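Undergrad: This is the structure, below, for whatever I ask next.
Throughout, read-outs are computed from the coordinates displayed, never taken from laboratory work. Note that the coordinates shown come from a computational prediction; the quantities given were computed from them, not determined experimentally. Ideal geometry is used to build each Cβ from the backbone, glycine not excepted, and the neighbour counts take in all protein chains shown.
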Ligand code: ADP
């Protein structure tokens, strides 16, 4: 069966068509600037690539264009949309309602809507993507796969915040965690790769990209993760500050600065402070130059002190989470690095594991040169350290296939 994987944002729609017979990627693409001047589609099928610039007023038009290019005589890979067995959608926030992926029906759509306050930027866009595909592919089953679902196994001691309990009971204020599809994929894949079973294993996953999160996975189940109610909590990220004293919000609101560092002269709102914390902080905010780890590395290599500090803060933060999760799980057997930084930045990986001999972690510098699936720890390291490239699309496609063929999701 061919499965279409869709990730809809507020002005974008990413897609990938996968032939599940062999799990082969047939085509992928991105519709950008939906509803904004300059909208376009970028599409590739193997070596063949094309770009179409035209007006794309809404998500339905974007979905139409995606189907059109997938059936294109030159760049397409299918003759008819009937070949698409089902569509799997990435949905950011499933709240407490979803512990696994589901076939989309009216109740599921309502539950996604109910999570709008928890994922105000993403969930409405994700639902738009679902509704657009429903319209242009009438009768094709749609499946929703949630970024939060894998983390729903966390115990209350890990997901509760220490604010009055009624906020959790009445308003569902708690840790949810994100990147769950990636954490789930990597935690399963590393066991297959190492030829071990998840049962009895304590695994720490470091998903390090523009957004970054760590998770602690014991016996195959997530027991803790670094992101929270929103993706702002946890590690220092590309443009997000990660965890800090909540009182910082009040302090900045009362004493805001202009871009040039001089006082703004009047207070700003909590929402405005959160915009600073989400969009102007992290590697960007500390370096003052870039949110991209490659740029930070280049700047640091040239002696830029702020870039060096940003690097050190990120590495120190990852170390602290690894230490915390090892303590929480009573030890650690496997540490996995994944996503853009985790898969590609050997220097950062080495610096994270450096000094972790007390935990049983030691890197082999030669093995660490990899960008592919590999063990990178030394032969005498008690903890197995791995690079496992993430593949959220395949996880979404597998869940989609399982739900439409067997009615339930397999646990891998
Ligand atoms: P997103 O969270 O948007 O999916 P990615 O997983 O693509 O992000 O990660 C983006 C980060 O990964 C950037 O900071 C970038 O510097 C880093 N990165 C991506 N590719 C490479 C590479 N080839 N070498 C070093 N760093 C990389």
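Undergrad: How much length would be gained if the chain were fully extended between residue 83 and residue 19, taking 0.36 nm per residue of separation minus their Cα-Cα distance, in nm to one decimal? Please list the in-between numbers first.
TA: Working: separation 64, 0.36 × 64 = 23.04 nm, distance 1.01 nm.
Here the segment from residue 83 to residue 19 would lengthen by 22.0 nm.
Undergrad: As a footprinting exposure proxy, order 31, 136 by other Cβ within 10 Å, with the fewest listed first. Don't skip to the end; give the middle numbers.
TA: On the way: 31 26, 136 19.
The fewest-first ordering by Cβ neighbours comes to 136, 31.
Undergrad: Let me ask you something else. For a test of the definition: using alpha carbon positions, the gyration tensor, and the 1.5 limit on a/c, classify the stretch 232-302 as rounded, prolate or oblate. Working shown, then result.
TA: Values: a/c = 2.88, a/b = 1.61, b/c = 1.79.
Note, shape of the stretch 232-302 comes out oblate.
Undergrad: According to the Cα gyration tensor, what semi-axes, each the square root of 5 times an eigenvalue, does the equivalent ellipsoid of the stretch 350-412 have, listed from largest to smallest in whole Å? Please report the intermediate quantities before stating the final value.
TA: Working: eigenvalues 245, 32, 14 Å².
Equivalent ellipsoid semi-axes, largest first: 35, 13, 8 Å.
Undergrad: Sorted by average packing, counted as other Cβ atoms within 10 angstrom per residue and highest first, what order do 184-191, 237-244 take? Don't skip to the end; give the middle numbers.
TA: Values: 184-191: 24.1, 237-244: 20.2.
By packing density, highest mean first, the sequence is 184-191, 237-244.
Undergrad: Sticking with this one: Once you put a point 7 Å from the Cα of residue 192 and another 7 Å from the Cα of residue 44, both along the Cβ direction, what distance in nm separates them?
TA: For residue 192 paired with residue 44, the spin-label model returns 2.3 nm.
Undergrad: Which of rounded, prolate or oblate describes the stretch 180-310 when judged by the alpha-carbon gyration tensor and an a/c cut-off of 1.5? Can you show the working numbers first?
TA: On the way: a/c = 3.77, a/b = 1.81, b/c = 2.08.
Judged from the Cα gyration tensor, the stretch 180-310 comes out oblate (a/c at least 1.5, b/c at or above a/b).
Undergrad: Can you compute the radius of gyration and Dmax for the stretch 207-266, using only the Cα atoms, both in Å?
TA: 15.8, 54
Undergrad: Next up: Please pull out the direction-averaged projected area of the stretch 58-180, using the convex hull of its alpha-carbon atoms, in nm² to one decimal place. Please report the intermediate quantities before stating the final value.
TA: On the way: hull surface 34.0 nm².
Value for the stretch 58-180: 8.5 nm².
Undergrad: A further question on this structure: Once a ≥ b ≥ c are taken as the square roots of the eigenvalues of the Cα gyration tensor of the stretch 272-400, is the result rounded (a/c under 1.5), prolate (a/b larger than b/c) or oblate (a/b not larger than b/c)? Please list the in-between numbers first.
TA: Numbers: a/c = 1.62, a/b = 1.32, b/c = 1.23.
Note, shape of the stretch 272-400 comes out prolate.
Undergrad: What order do you get for 170, 308 when you list them from fewest to most C-beta neighbours inside 10 Å? Show your work: numbers first, answer last.
TA: On the way: 170 9, 308 17.
Ordered from fewest to most neighbouring Cβ atoms within 10 Å, 170, 308 come out as 170, 308.
Undergrad: Can you give me the convex hull volume of the Cα atoms of the chain, divided per residue and expressed in Å³? Walk me through the numbers on the way to the answer.
TA: On the way: hull volume 67.4 nm³, N = 412.
Per-residue hull volume (Cα only) is 164 Å³.
Undergrad: Additional query: How high is the FRET efficiency between residue 54 and residue 106 when r is their beta carbon distance and R₀ equals 45 Å, given to the nearest 0.05? Provide the component values of the computation, followed by the final result.
TA: Details: r = 33 Å, r/R0 = 0.73.
For residue 54 and residue 106, the calculated efficiency is 0.85.
Undergrad: Further question on the same structure: For the stretch 199-293, calculate the relative contact order in percent as a whole number, restricting contacts to Cα pairs under 8 Å that are 6 or more residues apart. Mind showing how you got there, number by number?
TA: Numbers: 157 pairs, mean separation 20.8, N = 95.
After rounding, I find 22 percent.
Undergrad: To make sure I understand, if each residue's beta carbon is the centre and we count other beta carbons within 10 Å, what order do 15, 316 fall in, fewest to most? Can you show the working numbers first?
TA: Numbers: 15 26, 316 12.
Result, fewest neighbours first: 316, 15.
Undergrad: For the pair residue 74 and residue 210, how long in nm is the line joining their label points, each one 7 Å along Cα→Cβ?
TA: Spacing of the two 7 Å Cα→Cβ label points: 3.0 nm.
Undergrad: If you don't mind, another one. Extent of the stretch 1-130 along each principal axis, from alpha carbon coordinates, in Å, largest to smallest?
TA: Principal extents (largest minus smallest coordinate, Cα): 44, 39, 20 Å.
Undergrad: Let me ask another. From the P(r) of the stretch 181-227, could you give the percentage of C-alpha pairs in the tail past 12 Å?
TA: Details: 617 of 1081 pairs.
Of all Cα-Cα distances in the stretch 181-227, 57 percent exceed 12 Å.
Undergrad: Please give the peptides 58-65, 265-272 ranked by average Cβ packing (other Cβ atoms within 10 Å per residue), highest first, as a rough proxy for protection. Can you show the working numbers first?
TA: Numbers: 58-65: 21.5, 265-272: 10.8.
In decreasing order of mean packing, 58-65, 265-272 become 58-65, 265-272.
Undergrad: Just the Kirkwood number for the stretch 97-142, please: inverse of mean 1/r across all distinct Cα pairs, in Å, one decimal. Intermediate results must be reported in sequence, preceding the final value.
TA: Numbers: mean 1/r = 0.0900 Å⁻¹.
That comes to 11.1 Å for the stretch 97-142.
Undergrad: Hey, what D do you get for the stretch 166-250 in µm²/s if you plug the Kirkwood alpha-carbon radius into Stokes-Einstein at 37 °C and 0.692 mPa s? Write down the numbers at each step before the final one.
TA: Values: Rh = 14.1 Å.
It diffuses with D of about 234 µm²/s by this estimate.
Undergrad: Tell me what the chain gives for mean residue ellipticity at 222 nm when only DSSP H runs of n ≥ 4 count, each as -39,500 (n - 2.57), the sum divided by the residue total, rounded to 500 deg cm²/dmol. Numbers along the way, then the final one.
TA: Numbers: 14 runs with 146 residues, N = 412.
Rounded to the nearest 500, it is -10500 deg cm²/dmol.
Undergrad: Something else now. Want the number for residue 372 to residue 199: 0.36 nm per residue separation, take away the alpha-carbon distance, what's left? Working shown, then result.
TA: Values: separation 173, 0.36 × 173 = 62.28 nm, distance 2.52 nm.
Result: 59.8 nm gained on full extension.
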